Structures are given as C-alpha cells and as structure tokens.
Amino acid sequence: MLASTTTNVAYIILFVILIGWILYAMGNRKKARPELGSEIELAANRKVYYDDEILEGRRLERVQFIGLLFLVVSVIGLPLYWILEPARQVGAKEYSVERATKWGAELFAPTAKGGFNCAGCHGGMTATGGVAAYAITNPNTGEVKAVSWKAPALNTIFYRFSVDEVVFILNYGRPFSPMSPWGLVGGGPMNAQQIENLIAYLTSIQLPRVGCAANEPDNRVCATGTLEPAKQQEITDAAMAAVKDGTYKSYGEALFNLDVGSGAYSCARCHTQGWSYGNPAQPAQGAMGPNLTAGATASHFPSQQDQINFIKKGSELGKKFGLQGQGSGRMPAFGNLLTDAQIKAIVEYVRSL
C-alpha cells in the first residue's frame, strides 16, 4: 500500500535524523571536554573571529551550498508530497476500515474467543445462518417452551437493509425473537464505536454483487448490484425441487416458505407464526409481519405491479405504500436479492391466498 510505504519512509527519515543528532551531540560533547577549566581563554566572545577573507570565501560558499541544497530538497519534496497525499489519504482510509473490520471480527467471535457470540447464533464467522436457544410463552396457557430459533444468514444483510437500518437493529434488537439489543442506547453492552466496527465486519463478509455501477467500486455494498446469477439459480433450484417432491404445490409457495441460507430469503420468517422455530402455523397468517391471507394483500395493493415494486424496495420509514399504508422500515427490500421472476411468483402465490 502506497500510504504505508510513505509512512515507513517518514519513519526511516526520522530515525536517521535522530541518529544524526545523537552523533552530533556526542561529538560536540567530546570536543568540548578540552575547554573545561579554560572557559575564559577559549570562550567564543573572547577569541579572535574569522577575518573577512575567510568569512567571504570558502565559508560563505559552504553556507550558500547548504542553503541551495535545502532549496533543492524543498523544490522536489513539496511537489512529491502533493502527488502522494491523495494516495496517502486513501490508504489511511483503507487502513482505518481494515482496523475496524478486525475489531468487528473480534466482537462477532464466539464467547470462547472473547467475542459477544454473534457467530454462535448466526452460523460461524461467515454468518451463513444458524440456530439460537430461545424460550417462547404460549399466550393461552402461559406454558414456557424451549425452542431452537433459526437465526438468519447475515452475509446478505445489506442486500435487504440499509446501514442505518442494520445499526438500528443492532442497537435495539428484534422484539419477540432471540435478537436482543446490543447498543448502549437500547440497553445493550456495545458503544457506538463497537457497533460501527460490527458494521465494518458485516460489510466484509457480504456475498459479492454483480452489475455495480462504475462509481460504486465496492461490489459488496453497492446500491445497484444484485446477487450473482449462480446464487439466484440455487434459490430457484431449491424451490423447484421442493415442488417436485411435493413439499409445496407451486413455485411461489416454495419461494415464500423456502429455508435457503437459514431463512435469508424466506417471507415465512416474518409472516408465518412459528416458522422460525420449526413449528409453522397457517402460512402467511401473520407473526412479526402482517396477515397476508383472506385477500388482505390484494385489497391493499389493487395492482400486482405495485406490490412487486413494494417488495423490491421494502418499507421506507414514514413513506406511503399501497392504498393507505405507512412504512415502518421493518419490511426489508428484496430487489437486489431475488430476481423479478422470483418476486412475481411470490406475489402471485400471496394474492391467491
């Protein structure tokens, strides 16, 4: 990295200067020893100084040469500094991101390695999805039951949520799920810097995108990029296989309920009670998300295309959607994660309920 090389050169120059000053001080001290006890005879203001011939001769030329040498250093050094400065700033930023990512990885790590055990629930350091121990209470009987909750994959989290939305989730958690608040503002143990470090780490493990614009070089978080076609094909293949073996009746129903990547793409996670802990109730009757059955979706979105657009963009906080809906920010965007054909199949299934 150019910035690191520049910094190393600066340290070398500083080291050479320090060594030079030390040698000069030692030499000057050694030279001064004969003067001890004869300060009056050898004091600078008591000695005869150089005459004009010496002052205006070789001594003057030597001083002029030293001045010219410093001028050459300035003439070459300043433009060189201006040329290298942009690269130094970029390098410093990259180093800052690398350092934050490293710290974020330490926070994400299992408890045994000194972390906050995000990896323990979300499927290891690559966050491909896992399970979390959780206790649910039956609202009718009050019975408490231990379950294994399907924790979602986080390697596509920025396909579905913005950075601000993920920060909010980290700070305040997900109600009625094992995801507790982690930020100090929400009652958790992490300060704002630690949350930023976690964001840096999550960014580093995102699945690469395709179709990023020229001004969006980072293919893990670019706004215009989508999931690689091969990964999207995996979702299609899994859905078609589930239809073929009779698990689901239609392609759209399979996509709605699919558990690819521990529910990274599943609509049922939010819209079907009990799906997250392996005891699903009637599909799409509502859980964290609203009930989508009994024609509720079709009446709210008279146009199928409006519903498709809503699913692609997600629920934007405070913004209107459908006939009389106001966004809460809880509905993620799936436009960068699923293909138009996949979203259309899901909409057709939901509207048939």
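The values are calculated or read from the model by the stated rules, or taken from the named source; none is laboratory data. The model shown is predicted, which means the values in this text are computed figures rather than measured ones. Glycine also receives a Cβ, built like all others from the backbone with ideal geometry; neighbour counts cover every protein chain displayed.
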| Among (1) surrounded by 19 or more Cβ atoms within 10 Å (Cβ to Cβ); (2) at pLDDT 90 or above; (3) under 19 Å from ALA284 (Cβ atoms); (4) of a type outside the set (Val, Ile, Thr), which single condition is PHE301 missing? | (2)
| said: So ASN257 passes all but one of these: (1) touching a helix residue (DSSP H, G or I) at 6+ places or on another chain (Cβ under 8 Å); (2) more than 30 Å from LYS145 (Cα to Cα); (3) surrounded by 19 or more Cβ atoms within 10 Å (Cβ to Cβ). Which condition number does it fail? | reply: (2)
| remark: Checked GLY188, GLY252 against criteria (in the same structural domain as CYS270 (by TED's automatic domain parsing), outside any strand (DSSP E or B) and either of a type outside the set (Lys, Arg) or within 17 Å of THR156 (Cα to Cα) (or both)); the one match is GLY252
| Selection status of ALA153, among the aliphatic types (A, V, I, L, M), assigned to a loop (DSSP other than H, G, I, E, B) and touching a Ser or Thr at 6+ places or on another chain (Cβ under 7 Å) | yes
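Is it fair to say ASN309 is surrounded by fewer than 17 Cβ atoms within 10 Å (Cβ to Cβ) and under 27 Å from the mean Cα position of the chain (by Cα)? Can you show your working first?
Details: surrounded by fewer than 17 Cβ atoms within 10 Å (Cβ to Cβ): yes; under 27 Å from the mean Cα position of the chain (by Cα): yes.
So ASN309 fits the description; yes.
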| task | Could you run through segment 188-211 and say how many residues are surrounded by fewer than 20 Cβ atoms within 10 Å (Cβ to Cβ), touching a strand residue (DSSP E or B) at 6+ places or on another chain (Cβ under 8 Å) and touching a residue at least 24 places away in the same chain (Cβ under 8 Å)? | result | 1
| query | When GLY329 is evaluated against the numbered criteria (1) buried (at least 20 other Cβ atoms within 10 Å of the Cβ); (2) under 26 Å from the mean Cα position of the chain (by Cα); (3) not charged (D, E, K, R), which criterion, by number, is the only one it fails? | reply | (1)
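Which count do you get for residues in segment 220-249 that are of a type in the set (Ser, Thr, Tyr), over 13 Å from ASN336 (Cβ atoms) and not in a helix (DSSP H, G or I)?
2
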| task | Of all residues in segment 230-270, count the ones that are on the phi > 0 side of the Ramachandran plot and touching a residue at least 24 places away in the same chain (Cβ under 8 Å). | result | 3
| query | Assuming PRO217 fulfils every condition listed in (1) in the same structural domain as ASN155 (by TED's automatic domain parsing); (2) in contact with a strand residue (DSSP E or B) (Cβ under 9 Å, 6 or more places away or on another chain); (3) more than 18 Å from ALA153 (Cβ to Cβ) apart from one, which condition is it? | reply | (2)
| query | With respect to ALA105, is the statement that it is surrounded by 15 or more Cβ atoms within 10 Å (Cβ to Cβ), assigned by TED's automatic domain parsing to the domain that holds ASN197, in contact (Cβ under 8 Å) with a residue 40 or more places away in the chain and in contact with a helix residue (DSSP H, G or I) (Cβ under 8 Å, 6 or more places away or on another chain) true? | reply | no
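On the given criteria, is ASN215 without any contact (Cβ under 8 Å) to a residue 24 or more places away in the chain and touching a Lys or Arg at 6+ places or on another chain (Cβ under 6 Å)?
no
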| task | Determine whether ASN336 is assigned to a loop (DSSP other than H, G, I, E, B) and either in contact with a Lys or Arg (Cβ under 9 Å, 6 or more places away or on another chain) or over 21 Å from PHE168 (Cβ atoms) (or both). | result | yes
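Here's the yes/no breakdown for (1) touching a Lys or Arg at 6+ places or on another chain (Cβ under 9 Å); (2) closer than 30 Å to VAL9 by Cα; (3) outside any helix (DSSP H, G or I):
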site: VAL73; (1), (2), (3): no, yes, no
site: THR101; (1), (2), (3): no, yes, no
site: LEU107; (1), (2), (3): no, no, no
site: VAL131; (1), (2), (3): yes, no, yes
site: GLY142; (1), (2), (3): no, no, yes
site: TRP149; (1), (2), (3): no, no, yes
